[in-house]
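Chemist: Let me give you the structure first, and then I'll get to my questions.
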Amino acid sequence: MAAEVLAAAGADVTVFELHRSPGRKLLLAGRSGLNLTHSEAFDDMVGRYRTMPPALRVALEYFPPAAVREWADGLGQATFVGSSGRVFPAGHRAAPLLRAWLGRLGELGVELRPRHRWTGWDGNELRFTASAGGGAESSTAEVRVAADATVIAVGGASWPSVGSAGEWTEDVRADGIAVAPLRPSNCGLRVGWTDVFLDRFEGTPVKNVSASAAGLAVRGELMVTRSGLEGGPVYALSGPLGEEAVFPAVVLLDLSPDLDEAALVARLERRRPKASQSTWLRDAGLAPVVVGLLREATGNRLPDDPLAMARLLRAAPIEVGALAPLDRAISTAGGVRFDQLDDDLMLRARPGVFVAGEMLDWDAPTGGYLLQACFATGRLAGLRAAARLGLTD
Ligand SMILES: Cc1cc2nc3c(=O)[nH]c(=O)nc-3n(C[C@H](O)[C@H](O)[C@H](O)COP(=O)(O)OP(=O)(O)OC[C@H]3O[C@@H](n4cnc5c(N)ncnc54)[C@H](O)[C@@H]3O)c2cc1C
């Protein structure tokens, strides 16, 4: 985004990329549909971010969701609003968007230098390790580059095979720039399921559930995995839980969010004489995985009393041992602290160097807010860098 804005303003732009090709995390995001942004009202959208430093707000105002959609449209990738209000490119694919985007950058004269790892500065020059070849033939060389303006956007530390592993934090800290520790966000939760439960329910979705912890309740669909729980509701809780950093933590699952307690009790009171607990709960319309979760929550000591069962259904306590590791998270919380930047996203300690994207210290749930903030900060950083070069106002 920054390269596009700078090149369009007339700058000579070079993009240095660690991997063999750029945009690999975007392609990965495309595998789950590429949720580009969200269609809700601007103030609601802004409210989804866990903190809102002034520079992030300026960026979102400058390049709001409507601008993201227009931009995608301009690349021949019309977008649509899904039933949840999330915005996707038609076809849900990232590859055509990335291809068209790189094509546009090429037309604007942007030079791409893949396999260059940025490793900090030597004085005012940027330092890179360039690699060539592969296997036994591989070689590396140190490269120094002087630039009139720089935008750094090396991303977070999740899925390092397609992006960064977070090594840049050391290079940046070595320069005296404060970085909030990187932590997983929008990640699964680790739960120590019993073997009996896993044998039967690994890979089973739990539909229409509300998960709550850390003062937040989020509704959606969960997935039982070997190591715990995945899915929108737990991804949304993972940021706040990671911030509290108290494990084991308890997440309460409301496994029947559409029925109030009285309605549930009325349904559970209709127990046939001599019906086993399993038959009773099945007759009450509970899915087998829901009954399994209730057993996990109680150490297989389910109550027989309808009121106690209704209360358990509305708040089944699941003990969470930890968050899933950073390298499998959808996003990274922490990063370059906003107090290190001015409101133009420029490092106070390094005039002419701007920072954008997920490497900044902001956090948001899934729903398009991650790419939205990356696009907007990239755009703003590019615009302000162009102004510094005297190319725009
Ligand atoms: C599985 C998955 C699905 C996702 N789905 C969505 C979604 O649908 N919607 C959404 O909003 N968000 C989604 N995200 C999050 C989104 O992809 C990221 O927030 C976004 O890509 C971050 O953009 P970025 O440009 O800051 O960093 P990246 O996209 O990580 O780009 C940083 C680039 O810098 C390169 N780099 C790293 N270190 C160096 C270095 N030292 N020198 C040179 N280059 C370097 C990397 O190789 C990479 O190409 C998803 C993430 C994952 C993992």
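Computed from the coordinates by the stated procedures, all read-outs in this text should not be read as laboratory data. All of these numbers come straight from a predicted model, not from anything done at the bench. Neighbour counts are summed over all protein chains in view; Cβ atoms, including those assigned to glycine, are modelled from backbone coordinates with ideal geometry.
Chemist: Tabulate in residue order the Karplus-calculated ³J(HN,Hα) for segment 205-210, using 6.51 cos²θ - 1.76 cosθ + 1.60 with θ = phi - 60°, rounded to whole Hz; enter x for Gly and Pro.
Modeler: x, 10, 7, 6, 10, 10
Chemist: How much length, in nm to one decimal, is gained on full extension between ARG301 and ALA315, taken as 0.36 nm per residue of separation minus their Cα-Cα distance?
Modeler: The span from ARG301 to ALA315 would gain 3.5 nm if fully extended.
Chemist: Convert each backbone phi in segment 329-335 into a coupling constant with the Karplus relation 6.51 cos²θ - 1.76 cosθ + 1.60 (shift: θ = phi - 60°), then list the ³J(HN,Hα) values in order as whole Hz, x for Gly and Pro.
Modeler: Values, residue by residue: 7, 6, 9, 10, 8, x, x Hz.
Chemist: Mind pulling the angle between the C-alpha long axis of helix 65-74 and the longest principal axis of the chain? Nearest 10 degrees, somewhere in 0 to 90.
Modeler: Value to nearest ten degrees: 60.
Chemist: Run the helix sum for the chain: -39,500 (n - 2.57) per DSSP H stretch of 4+ residues, divided by residue count, reported at 222 nm to the nearest 500 deg cm²/dmol.
Modeler: The helix-only estimate for the chain comes to -10000 deg cm²/dmol at 222 nm.
Chemist: Work out, step by step, the length gained on full extension between THR129 and MET223: first 0.36 nm times the residue separation, then minus their alpha carbon distance; give nm to one decimal.
Modeler: This chain segment gains 29.7 nm when fully extended.
Chemist: Let me ask something else about it. Extending each Cα 7 Å along its Cβ direction at ALA262 and ALA147, get the distance between those two points in nm, one decimal.
Modeler: So the two model labels end up 6.4 nm from each other.
Chemist: Let me ask something additional. Hey, what do the phi angles of segment 177-182 turn into as Karplus ³J(HN,Hα) couplings, whole Hz, using 6.51/-1.76/1.60 and θ = phi - 60°, x for Gly and Pro?
Modeler: Taking θ as phi minus 60°, the curve returns 9, 7, 10, 5, x, 6 Hz for segment 177-182.
Chemist: Tell me the label-point distance for the pair ARG31, ALA349, using the 7 Å Cα-to-Cβ offset, in nm and rounded to one decimal.
Modeler: 3.6 nm
Chemist: Amide H to amide H under 5 Å from LEU341: which residues, 5+ apart in sequence or cross-chain, H placed 1.01 Å off N in plane?
Modeler: Amide H neighbours of LEU341: ARG348.
Chemist: So for the chain, what percent of the C-alpha to C-alpha distances run longer than 39 Å?
Modeler: Roughly 27 percent, rounded to a whole number.
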